[in-house]
Amino acid sequence: MTPIIQTKQLTHIYSPGTPFEHAALKGIDLTVDPGEYLAIIGRTGSGKSTLIQHLNGLLRPTSGQVLFDGEDIWSSKERTRQVRFQVGLVFQYPEYQLFEETVYRDIAFGPTNMGLSPDEVDHRVRQAARFVGLEDHTLEQSPFDLSGGQKRRVAIAGVIAMEPKVLILDEPTAGLDPAGAAQILGNIRAYHREKHAAIILVSHSMSEVAREAQRLVVFREGTIPYSGTPQEVFSHGAELEGMGLGVPEMTQVFARLRAMGYSVPASVYTVEQARDAILLARKGVQG
């Protein structure tokens, strides 16, 4: 299977040749498969945001390559433009980028710039609104009259309406209450399921990425020390703690239980897994 996105020795240096020179990315090799749900975790300043801006051509590599469907995204100006429609990027607090008079026009902005017919634009606007849980009557409202959570959904719908093959979200639940965060993550799952798009979720929440992602990539000072399934990555609990990342709360609880001598697995990171492990342990005791 050809990766939908691949980076080869991707390096980015800010302010080269000055006293402020800083290598944000150091020879990153990364692949993302079509339809994969990937999460990127790391502390502020670890290189996460620099990476995702490379994936749709907002930043140009100092050296190395970014490939989309096997072709360098910088091979031509037209190629770069096409990739920016195919790799949708939702920045942190995207509601601050809303600017149109109505929700409809804000969501329609991207598809219109793609040169689609008015009928196709209309179809995509309404479909994207459905994905993010916006009702039809909301489309004629001003985005600035909506709640914070609704604005966030409008901003995400504006990217989804372009039907990208890769959807990248930088801290999409930042600043939302638990209910709002759960809704946004559910919207992303719906898009992933129905469109079979690759999802790249950037998050500080270990519990969030444990629940949502199939694979985790850990960033530290422009490098990737760990990559794998949640189970594989969270097995490095002590190292993650040392990097200031920690592990999901359930993983911490079960590590404590193991330290107390209970025979429970170490690779527990969701509430559902914890429930199953405890039931299995009780069954073993009773047997």
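So the values come out like this:
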{"item": "Conditions (1) more than 22 Å from ARG152 (Cβ to Cβ); (2) in a loop (DSSP other than H, G, I, E, B); (3) of a type in the set (Ser, Thr, Tyr); number of the one not met by THR44", "result": "(1)"}
{"item": "Number of the exception - GLU95 against (1) acidic (Asp, Glu); (2) assigned to a helix (DSSP H, G or I); (3) under 26 Å from HIS196 (Cβ atoms)", "result": "(3)"}
{"item": "Unique residue being under 23 Å from SER46 (Cα atoms), part of a helix (DSSP H, G or I) and not β-branched (Val, Ile, Thr) when the list is GLU272, GLU241", "result": "GLU241"}
{"item": "Residue in the stretch 135-185 that is surrounded by the fewest Cβ atoms within 10 Å (Cβ to Cβ), counting only those that are touching a residue at least 40 places away in the same chain (Cβ under 8 Å) and on the phi > 0 side of the Ramachandran plot", "result": "GLY175"}
{"item": "Cross-chain or 6+ apart pairs with Cβ under 7 Å, the stretch 186-204 first and touching a residue at least 24 places away in the same chain (Cβ under 8 Å) and at negative phi, then of a type in the set (A, V, I, L, M) and in a helix (DSSP H, G or I)", "result": "ASN187/ILE156; TYR191/ILE160; ILE199/ILE188; ILE200/ILE52; LEU201/VAL209; VAL202/ILE52; SER203/VAL209"}
{"item": "Subset of the stretch 189-211 [assigned to a helix (DSSP H, G or I) and out of contact with any strand residue (DSSP E or B) (no Cβ under 6 Å at 6 or more places or on another chain)]", "result": "ARG189, ALA190, TYR191, ARG193, GLU194, LYS195, MET206, SER207, GLU208, ALA210, ARG211"}
{"item": "Test: residue in the stretch 9-25 that is without any contact (Cβ under 8 Å) to a residue 12 or more places away in the chain and touching a Ser or Thr at 6+ places or on another chain (Cβ under 7 Å)", "result": "yes"}
{"item": "Unique match (being assigned to a loop (DSSP other than H, G, I, E, B) and of a type outside the set (Asp, Glu)) among ARG79, ARG60", "result": "ARG60"}
{"item": "Those residues of the stretch 168-188 which are under 16 Å from SER49 (Cβ atoms) and either outside any loop (DSSP other than H, G, I, E, B) or not assigned by TED's automatic domain parsing to the domain that holds GLY42 (or both), in sequence order", "result": "ILE168, LEU169, ASP170"}
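The values are calculated or read from the model by the stated rules, or taken from the named source; none is laboratory data. The shown structure was predicted, so the numbers you read here are calculated from the model rather than taken from an experiment. Cβ: placed from backbone, ideal geometry, glycine included. Neighbour counts: every protein chain shown.
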